[in-house]
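Any read-out appearing in this document is the output of simple, stated calculations on the displayed coordinates, not a laboratory observation. What you are looking at is a predicted structure, and each value in this text was computed from that prediction instead of being measured. Neighbour counts are summed over all protein chains in view; Cβ atoms, including those assigned to glycine, are modelled from backbone coordinates with ideal geometry.
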Protein chains: 2
Amino acid sequence: MTIDRSAALPDLDQRRVGTSDVRLPPSVLLEGTSGRILREALLLFAEQGFHGTSIRDLAHACQIRSATLYAHYPSKEHVLAELVRIGHEAHHARLVGAQGRDSVERLRTVVREHVLAHAEYPLLAVVSNNELHALSPEMAAPAMLLRADGRQLLMDIINEGISEEVFDVPDAFLAVTAISGMGMRVANWYGSGVPYSPEQIAETYADFALRIVGAA
Amino acid sequence: MTIDRSAALPDLDQRRVGTSDVRLPPSVLLEGTSGRILREALLLFAEQGFHGTSIRDLAHACQIRSATLYAHYPSKEHVLAELVRIGHEAHHARLVGAQGRDSVERLRTVVREHVLAHAEYPLLAVVSNNELHALSPEMAAPAMLLRADGRQLLMDIINEGISEEVFDVPDAFLAVTAISGMGMRVANWYGSGVPYSPEQIAETYADFALRIVGAA
DNA sequence: GCGAGCCGATCGATCGATCGGTAGGCAGGG
DNA sequence: CCCTGCCTACCGATCGATCGATCGGCTCGC
């Protein structure tokens with residue numbers, strides 16, 4: 001009996017994201033032309049990058065003229081900044097909202113939320129992570145603070161588990177990079193062709209995280 | 001006693017890479033103007049992206065005029081294609097060269113090589129992974145084949161370990177995405193400010209991978 | 001004097017951004 | 001009811017700058 005491995009491993013393509021499903025967190029107002037611009041920019045920036053998308057590309061996708069864009073946003077960079085803000089605030093809120101009775105449960109819920117954010121909003125995650133460099137330092141600063149805080153949150157949980165001798169991990173910092181890194185990459189491959197729900201991926205990755213820190 | 005966590009977690013910055021150390025595999029000829037162009041393009045494409053780097057940016061970094069570039073490469077895209085080719089061939093060669101007596105040792109060495117490739121050549125890895133979308137499908141095709149083969153190689157090792165009942169993992173595909181994903185992200189944060197050697201990171205990540213598949 | 005390597009000048013196209021002006025809905029006075 | 005005035009939303013035309021790429025010609029070493 002042989003295993004059909006070509007079916008087990010879906011072919012990933014050249015794109016930076018596995019989906020074209022434009023989706024923004026429910027807290028974001030999407031009505032009117034401003035919302036339309038935000039949604040089309042999300043798709044274009046994710047697929048072609050900030051510098052690979054022109055003002056006219058964006059306007060054409062919104063079915064408006066390029067001049068109209070400036071009635072809603074002062075510049076192309078401000079559109080990106082708004083998407084980056086939304087992405088980082090949504091992600092950070094999920095991390096902070098994750099609760100747990102002990103270190104194990106806290107790590108599980110935090111990783112679950114981390115992965116869910118990347119699987120449910122892949123376009124937003126890709127833009128937030130891959131186009132951050134295109135922002136001026138001033139416009140990127142708020143996102144950088146949220147990133148640092150999120151890393152620290154994960155670091156604290158792991159340090160807590162170590163000091164309680166519930167976790168057994170060779171290096172706390174490398175555990176943070178590994179756990180956050182594997183979750184971030186989900187945004188690059190998760191899409192319609194992948195036979196998993198975001199919840200399934202989040203649950204399994206949370207289990208992986210507990211294995212990494214030696215708690216499972 | 002409190003832990004100085006600000007020292008434990010180095011501040012990462014807005015950049016796409018943690019280093020500016022231009023390095024290419026030894027197999028690549030770096031002599032002459034063609035090599036110089038390749039090296040400067042590696043840095044610029046990694047830091048600013050393909051579309052964020054102009055022909056004149058690249059020429060200026062090489063201390064030549066933009067017209068001279070076309071004496072060495074037919075187009076800007078061909079420069080990127082060459083970097084992508086070098087990156088994927090070097091990475092794939094390392095994976096294929098990884099040996100091991102059993103499933104555990106094979107997974108350990110493959111993950112070690114995977115991580116080493118991303119830690120020793122972060123700029124090359126970032127360009128290969130993040131700028132692949134900027135290539136036309138024809139020019140990206142060879143790299144896509146190498147990527148698919150590398151994924152399959154990892155998948156085969158994990159399936160082998162599962163069928164031998166050496167590994168205990170809830171889902172083989174998600175283990176592949178998690179292990180390869182955490183290794184790929186290393187290229188984005190590893191740099192001079194990080195107090196680990198590539199070998200230390202590779203060794204620890206290989207241990208993490210074995211924990212993920214339930215073999216450690 | 002010949003080929004290799006480089007460059008100044010320039011091509012048409014496109015870039016991000018700005019301007020004055022127009023169309024349409026709505027409020028208030030007659 | 002109509003008329004007037006205004007405000008919001010949008011657009012055509014165009015700005016100077018920069019884009020990727022091309023060409024003929026220059027300057028060397030051999």
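Of the conditions (1) buried (at least 22 other Cβ atoms within 10 Å of the Cβ); (2) more than 23 Å from residue A:43 (Cα to Cα), residue A:124 fails just one. Which one is it?
Looking at each condition in turn, residue A:124 falls short on (2).
State all residues of segment A:42-52 that are away from DNA strand D (no atom under 12 Å from the Cβ) and assigned to a loop (DSSP other than H, G, I, E, B); if no residue qualifies, say none.
Scanning segment A:42-52 gives A:49, A:50.
Does segment A:70-92 hold any residues that are within 9 Å of DNA strand C (Cβ to nearest atom) and either within 14 Å of chain B (Cβ to nearest Cβ) or within 18 Å of residue A:49 (Cα to Cα) (or both), and which are they?
A:75, A:76, A:77, A:78, A:79
Residues that are of a type in the set (Val, Ile, Thr), part of a helix (DSSP H, G or I), surrounded by 17 or more Cβ atoms within 10 Å (Cβ to Cβ) and facing another protein chain (nearest Cβ under 7 Å): does segment A:160-183 have at least one?
yes
Restricting to segment B:184-216, count the residues that are more than 16 Å from the chain's Cα centre (by Cα), of a type in the set (Val, Ile, Thr) and facing chain A (nearest Cβ under 8 Å).
Residues that pass the stated criteria total 2.
Out of all the residues in segment B:114-135, is one or more at the interface with chain A (Cβ under 10 Å from one of its Cβ atoms), assigned to a helix (DSSP H, G or I) and farther than 25 Å from residue B:175 by Cβ?
Within segment B:114-135, one or more residues are at the interface with chain A (Cβ under 10 Å from one of its Cβ atoms), assigned to a helix (DSSP H, G or I) and farther than 25 Å from residue B:175 by Cβ.
What is the residue count in segment B:53-69 for residues that are crowded, with 17+ Cβ neighbours inside 10 Å and either in a helix (DSSP H, G or I) or more than 7 Å from DNA strand C (Cβ to nearest atom) (or both)?
5
Among the residues that make up segment B:83-93, is at least one of them surrounded by 20 or more Cβ atoms within 10 Å (Cβ to Cβ) and under 27 Å from residue B:162 (Cα atoms)?
yes
Counting just the residues of segment B:21-46 that are closer than 23 Å to residue A:130 by Cβ and free of Cβ contacts under 8 Å to residues at least 40 places away in the same chain, which one comes out farthest from the other protein chains (Cβ to nearest Cβ)?
Only one residue tops the list, namely B:40.
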